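Each remark here refers to the structure printed beneath this line.
The values are calculated or read from the model by the stated rules, or taken from the named source; none is laboratory data. All values reported here derive from a predicted model rather than from experimental measurement. Don't worry about glycine lacking a Cβ; one is built from the backbone with ideal geometry, like all the others, and counts go over all protein chains shown. When the accessible area is computed, the model is the full protein with side chains, heavy atoms only, and any ligands, DNA or RNA have been set aside. Shrake-Rupley method; radii C 1.70, N 1.55, O 1.52, S 1.80 Å.
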Amino acid sequence: MTDKYDVAVIGGGPAGLAAAIAAERAGARVLLIEREARLGGILKQCVHDGFGLVRFGEKLAGPEYAERFLTQLRGTGVEVTPQTFVDEISPLKGPRADRVPPPTGFQLKLVSAKGMRNVRAKSVILATGCRERTARQVAIHGTRPAGIFTAGSAQYYTNILGQLPAKRCVILGSGDIGLIMARRLTLEGARVLGVYEAKPIPSGLPRNIAQCLHDFDIPLHLSKTVTRVFGHARLEAVEISDVDGVMRPIPGTQERVACDALILSVGLIPENELAEALGVALHPVTKGPVCDQNGMTSVPGVFSCGNAAHVNDLVDYVSESGETAGRAAAHYAMNNSQFTMNHYASLSVDDSFLYAMPQRIHLREPVDEITVFFRSREERGKTRFTARLGNEMILNKNYRQLRPPEMERLTVPLEGAELKPGDVIALEMEEMA
Amino acid sequence: MKELICISCPAGCRLEAEALENGEIRVSGNSCKRGLDFAMAEMTRPMRSLCSTVRTAFGDFPMLPVRTDREIPKSAIPEAMKLISGIVVEERIACGDVVSSLAPICEGNLIATSSGLISF
C-alpha cells in the first residue's frame, strides 16, 4: 500500500517543525518524518538559553524553543512518523517521467520498527540539519583511545543521558558548541584546561567567549592546535602545537597536556546524502543545495531549509527558512503543472563574501522582495553593502562591523526592478573610511 | 576602565565601563538600553541566567532541562549548581512548571524547560 501526501518533510528539528506547520497551514497534506523517538532535533540537548530572541523577544532554552513549535504542531493535522528512517528517495517513474518537472512527485521508502512503508509526496522538504566534523577530518594523529568526542556528543552524554564524559579535558575549536560545552562541563564539575583554536580569531560569538570562557576563567589559546593524541584504552594526553599563518603546525613548539577527554568543536557541514541521491546541485562553499528564494533546489519539487541548506548562526533564522520552504513546497504540490525551470535570475557575490543565500531567484510569480543571508569572508570594520542590477542600485546598507561567525540577514526590495530571466543581482562590499 | 562584551544578544557589542570618582558609572560602546543595563550590572552586581539539567525518576526521560526563571547573581551560581545536582524530579511536570525554589541561595525559581516528561 502506498500513502499519498502533498508534502513530505524529512527531519523533525527546528527547520522541519516550522516547515511542516507552514505547509499544513497552506493547505497541504503533510507527513513529517523523524529518525529519533522525539521531535525537536538538536534543540533537545541545547539546554542553554539564548534561543528565540529574534522571533519571540525572549531568551529561551533550546527545548523550550522547540516546545513552542511542538505546541503549534499538535494543533495541526500533520502526520508525524517518529523513529523512521528514509531508506530511499526517488522521483516517481511514470509515463511522463522524462518531463521536467516530474509531474507526480517522489517515492520514499521508509523504515521503522513497524516495518517498511512506501509513501508518495508531490514535494519533499529536506530538513536534515548538519553534522559535526570529526577528529579524522581535522588530521589529528596517534592512537584511537576512548575520550575523543565531538562537542555535540559530549553534550548528548551530559544533557540527555546525565553522564559526564570528562573529568579533565581540552577543547579543540572555538565554535559556539565548544564554548557552550566548556561552560556546561565546568558547571557539572569537570575541569576544562583550555580551548585551543588554530585560527588567529575565535569562531564563536563574542558573547559566548564572554559568558562561557571569561566567566569561568577558562583560557582561550589562539593559533594553536592539537597535533597528536596519546593513550590506549582511554585518552591520557594531547600534544598541542603552535601553527603558522596557514595553520600548519610549527615543529619544535609541541607541548604535552595531560587530560582524559578531547572535545572537538571544529565545524559543521550540512547533511545532504538524500539531496545527492536526488541529484540536487550542491554549492561548493555552503555545502548545501543551491537554492532559490523559496528554498527550492535545482530539482523541481525538492526544497531545503535550515542547517541542511547552510549552517545558520541562530535557530530563529532556521525556523524562518523552514516556514518559507514549507509554504513554497505546499504551493508547488498544488500547482506544479505550471512550474517552469528556465525562469531564474541569479545573485552573485564578490570575493569579500564567504557566501550569500539564496543563489538564485525564481521569477514565475512576481517577486516584491527577497530575504538574503550572507557571511563576510573576513572580519571587517565599517563596510558598505550594495546590491545592484546592472548599473541600477537596488539597496545599500552600512555595517559597523562584519564577522564571519555572524550571519547577516537583510531584505532586498525588488518591486519595480522588473527582473528578467538571466538577470544578475550583484552583491558587493566596500570598506568605508 | 573595564572592557566588557555584552551578552544580552548575539550582536555582542564591545563595551567600556568606567566607575567615576563621584560614584557614577560611564558606559560607552553600547547600541541599546540593554547594553547599558548590562554594563551597569557588571560594574556592581553581575547577574546571569543559569541553565542546567536535573535527574528524574523516569527511565524514558532521565534528565529534565531546567533554567532559573530570572537572572541570579553570578556569585550564587556555585551554590545553585549544588542545589540542582541534588534534585530528583518524581512527578511528570510540564515545560514552565516550577522544579524548585532557589531560596535561601537567592530569589527566584528553577523551572522546567521541556515537556519531555509528559509527551513525546
Requested in this report: Return a yes/no flag: does segment A:45-66 have any residue that is facing another protein chain (nearest Cβ under 8 Å), open to solvent by 20 Å² or more (accessible area, probe 1.4 Å) and within 13 Å of residue B:95 (Cβ to Cβ).
Outcome: no
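Restricting to segment A:24-44, and then to whatever is under 22 Å from residue A:178 (Cβ atoms) and among the aliphatic types (A, V, I, L, M), can you tell me which residue is least open to solvent (accessible area, probe 1.4 Å)?
Going residue by residue through segment A:24-44, those that are under 22 Å from residue A:178 (Cβ atoms) are A:40-44.
Among the residues that remain, those that are also among the aliphatic types (A, V, I, L, M) are: A:42-43.
Values: A:42: 100, A:43: 4 Å².
By that ranking, first place goes to A:43.
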Query raised in the report: Among A:231, A:204, which is the only one that is of a type outside the set (Lys, Arg), touching a residue at least 40 places away in the same chain (Cβ under 8 Å) and within 27 Å of residue B:8 (Cβ to Cβ)?
Result: A:204
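May I ask you to say which residue of A:340, A:371, A:386, A:324 is within 26 Å of residue B:12 (Cβ to Cβ) and open to solvent by 20 Å² or more (accessible area, probe 1.4 Å)? Before you say what the answer is, go through the steps one by one.
Working: A:340 fails: within 26 Å of residue B:12 (Cβ to Cβ); A:386 fails: open to solvent by 20 Å² or more (accessible area, probe 1.4 Å); A:324 fails: within 26 Å of residue B:12 (Cβ to Cβ).
The unique qualifying residue is A:371.
Being within 14 Å of chain B (Cβ to nearest Cβ) and in contact with a helix residue (DSSP H, G or I) (Cβ under 6 Å, 6 or more places away or on another chain) is the filter here, so list the residues in segment A:273-313 that pass it.
Start the filter on segment A:273-313 by keeping residues that are within 14 Å of chain B (Cβ to nearest Cβ), which leaves A:312-313.
Result: A:312, single match.
Take the conditions farther than 27 Å from residue A:214 by Cα and either under 15 Å from the mean Cα position of the chain (by Cα) or without any contact (Cβ under 8 Å) to a residue 60 or more places away in the chain (or both) and apply them to residue B:96. Does it pass?
On the way: farther than 27 Å from residue A:214 by Cα: yes; either under 15 Å from the mean Cα position of the chain (by Cα) or without any contact (Cβ under 8 Å) to a residue 60 or more places away in the chain (or both): yes.
Criteria met by residue B:96.
For every residue, the table says whether it meets (1) touching a residue at least 60 places away in the same chain (Cβ under 8 Å); (2) more than 14 Å from chain B (Cβ to nearest Cβ); (3) within 22 Å of residue A:283 (Cβ to Cβ); (4) of a type outside the set (D, E, K, R).
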| site | (1), (2), (3), (4) |
| --- | --- |
| A:368 | no, yes, no, no |
| A:374 | no, yes, yes, yes |
| A:387 | no, yes, yes, yes |
| A:400 | no, no, no, no |
Query raised in the report: Out of all the residues in segment A:184-214, which are surrounded by fewer than 16 Cβ atoms within 10 Å (Cβ to Cβ) and within 14 Å of chain B (Cβ to nearest Cβ)?
Result: A:189, A:201, A:214
Report task. Check whether at least one residue in segment B:52-71 is farther than 21 Å from residue A:44 by Cα, touching a residue at least 12 places away in the same chain (Cβ under 8 Å), of a type outside the set (Lys, Arg) and within 11 Å of chain A (Cβ to nearest Cβ), and report yes or no. Result -> yes
Report task. Please give the number of the condition residue A:93 fails out of (1) part of a helix (DSSP H, G or I); (2) open to solvent by 10 Å² or more (accessible area, probe 1.4 Å); (3) not small (Gly, Ala, Ser). Result -> (1)
Query raised in the report: What number goes with the only condition from (1) hydrophobic (A, V, I, L, M, F, W, C); (2) open to solvent by less than 20 Å² (accessible area, probe 1.4 Å); (3) under 30 Å from residue A:74 (Cβ atoms); (4) touching an Asp or Glu at 6+ places or on another chain (Cβ under 9 Å) that residue B:77 does not pass?
Result: (3)
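Within segment A:405-418, restricting attention to residues that are open to solvent by 30 Å² or more (accessible area, probe 1.4 Å) and of a type outside the set (D, E, K, R), which residue is nearest to residue A:176 (Cα to Cα)?
Kept after step one, since they are open to solvent by 30 Å² or more (accessible area, probe 1.4 Å), are these residues of segment A:405-418: A:408-409, A:411, A:413, A:415-416, A:418.
Keeping just the survivors that are of a type outside the set (D, E, K, R) gives A:411, A:413, A:416.
Values: A:411: 26, A:413: 32, A:416: 41 Å.
Among those residues, the one meeting the criterion is A:411.
So which residues in segment B:28-48 are under 23 Å from the mean Cα position of the chain (by Cα) and open to solvent by less than 40 Å² (accessible area, probe 1.4 Å), if there are any at all?
If we filter segment B:28-48 for residues that are under 23 Å from the mean Cα position of the chain (by Cα), which is where we start, we get B:30-48.
Within segment B:28-48, B:35, B:38, B:39, B:41, B:42, B:46, B:48 qualify.
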